[in-house]
Every structure is written in C-alpha cells, then in structure tokens.
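Okay, so here's the structure we're looking at.
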Amino acid sequence: MRQAAKVLQLFKTLHRTRQQVFKNDARALEAARIKINEEFKSNKSETSPKKIEELIKIGSDVELLLRTSVIQGIHTDHNTLNPLLNICITTTFCFVAFFFVLNWSLGKTFL
C-alpha cells in the first residue's frame, strides 16, 4: 500500500476510534477531532519516506492505546462505577487520557 493511502487510512481510523472512545462526550469528541487534525496538518509537508513511516507507526500506536487503555464507565452512586464501552467517567479524565497518550507517543513530556 502506498504511503499516502496508509496515512489516509490511519487518519480515518483515528477518527473512528475517537468517535467510539468518546461517544456521548461532545467536548472530548471535539477536542480529539481538533488534536488529530492538527497533528496531521503539522506533518502534511513531510516528504521523507522514513519519517512518514515513523509517524504512521506513532499514529497506529496512539489508536491502539486509545482503543485499549481509556477507562470508561458510568458513575452510579457515591462509590460505584459500572464499566461501559461508550460513556467516559468524566470529560476531564477522558480528555486528559487522550492527550497523555498522544503526547507520550510523540515523545513529549509534561514536566
């Protein structure tokens, strides 16, 4: 598969994962959409095949981590969370989890 097709496929996959992971959370959906689009736009002019493959790998890792590592649930009473696949514990938690995963995979630090 050509690199351009891989990049487009990854872009679409990240957006599908975003829609699934942050379902029913409009603020997190919008923030994730903006962040994904920004990351792709910032690397739009990259021409090095090696660097593009590295970026594809990073994006694939982010998608996998989002799909498998974002904790979701619904607060049912004072001390109970029931796990669900489509509702985040809080908007803030999901938002932070997404950006932590994305920035960690890009090698950015928080300190």
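The values are calculated or read from the model by the stated rules, or taken from the named source; none is laboratory data. Everything quoted here is computed from the prediction, not taken from an experiment. Heads up, the Cβs are rebuilt from the backbone with ideal geometry, glycines too, and the neighbour counts pull from every protein chain shown. These area figures cover heavy atoms from the full protein model, side chains too; ligands, DNA and RNA do not enter into them. Shrake-Rupley method; radii C 1.70, N 1.55, O 1.52, S 1.80 Å.
Expressed as a whole percentage, what fraction of the accessible surface of the stretch 1-55 belongs to carbon and sulfur atoms when a 1.4 Å probe is rolled over the protein heavy atoms? Walk me through the intermediate numbers first.
On the way: 2010 of 3780 Å².
Of all accessible area on the stretch 1-55, carbon and sulfur atoms account for 53 percent.
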³J(HN,Hα), Karplus 6.51/-1.76/1.60, whole Hz, each residue of the stretch 35-42, x for Gly, Pro: 5, 4, 4, 4, 5, 5, 5, 5
Partners for K57 among lysines (Cα-Cα distance below 22 Å; same-chain residues under 8 apart left out): K6, K12, K35, K41, K44, K108
Cβ-based net charge around A31, under 10 Å, with every Lys or Arg adding one and every Asp or Glu removing one: +2
